[in-house]
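The values are calculated or read from the model by the stated rules, or taken from the named source; none is laboratory data. Given the structure is predicted, the values throughout are model-derived calculations rather than measurements. Here the Cβ positions follow ideal geometry from the backbone for every residue, glycine too, while neighbour counts run over all protein chains shown. Surface accessibility is based on the protein's heavy atoms, side chains included, excluding ligands, DNA and RNA. Shrake-Rupley method; radii C 1.70, N 1.55, O 1.52, S 1.80 Å.
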Amino acid sequence: MGLKIKQLRILFFILVCVLLYSTWTIASSQSKLSNEDFIRFHVIANSDSEEDQQLKLTVRDGVLAKINSELVREAMAQELADIQTSAAAASNEKEGSSESRVSLDLEQSRKYIQENLTEIEETAERILRENGYDYPVEAKLGIKWIPQKTYGNVIFPSGNYEALNITIGEGKGQNWWCVLFPPLCLIGVEAPEEDEEAVQDAQELYKDILLNEKYKPLMDEKEKPTTLKLKFKTLELIDELNK
């Protein structure tokens, strides 16, 4: 009888340990980043000629400016609507706080890209025409295998990520990668003087995103680049629009 009680106590202790470990694992996993927390950006040049490679960067800058500025406008419009709703709800109170923070999220960015693929293509084609080229452009949002890349002090491991892919012409030239969400594409991209104020507003907006606890590892400053430890989940293929 004494032996059975001792065995039951041991089993109970093991069960408690398993439950505590499972709870800790679930809680810690919620704060870690996975490959599903990013949207990458991929631009493929028509060829490796100097002209086509420069054209790739020009298209990159123009498409980024469009996406960034329109996402900012959408976020601000949504925030204004939320403020008006909050003000109406607080109209019967003596004092109400109007303080709010504009922010973007992954789903909002994904939805914008999905609904504007045609416009993104047209923007790229317009830039090409303005530079004397008539290459066709194809824009897709889907799963792409991406080699290891470094942005600032952060190294992204290779793997499958969701990505906006823009192919110029025959798409046989060297490509360019970055992270569209969170907006690490802003790193190293210079804004035209006429868009400088808009870019500054965007950077302030994006700072709120990057300071989110979930993306805090991206803002850690270290003397040497650090490799992100991402969880690679099974990504479901996204339906290709305008196929």
Might you let me know whether region 180-190 holds any residue that is open to solvent by less than 40 Å² (accessible area, probe 1.4 Å), modelled with pLDDT under 70, closer than 21 Å to GLU74 by Cβ and in a loop (DSSP other than H, G, I, E, B)? yes
Residue list for region 118-168, filter: open to solvent by 50 Å² or more (accessible area, probe 1.4 Å) and closer than 22 Å to SER49 by Cβ: GLU125, ARG126, ARG129, GLU130, ASN131, GLY132, TYR133, ASP134, TYR135, PRO136, GLU138
All positions within region 134-160 that are hydroxyl-bearing (Ser, Thr, Tyr) and modelled with pLDDT of 95 or more: TYR135
Among the residues of region 28-77, what is the count of those that are free of Cβ contacts under 8 Å to residues at least 40 places away in the same chain, within 29 Å of LYS233 (Cβ to Cβ) and surrounded by 13 or more Cβ atoms within 10 Å (Cβ to Cβ)? 1
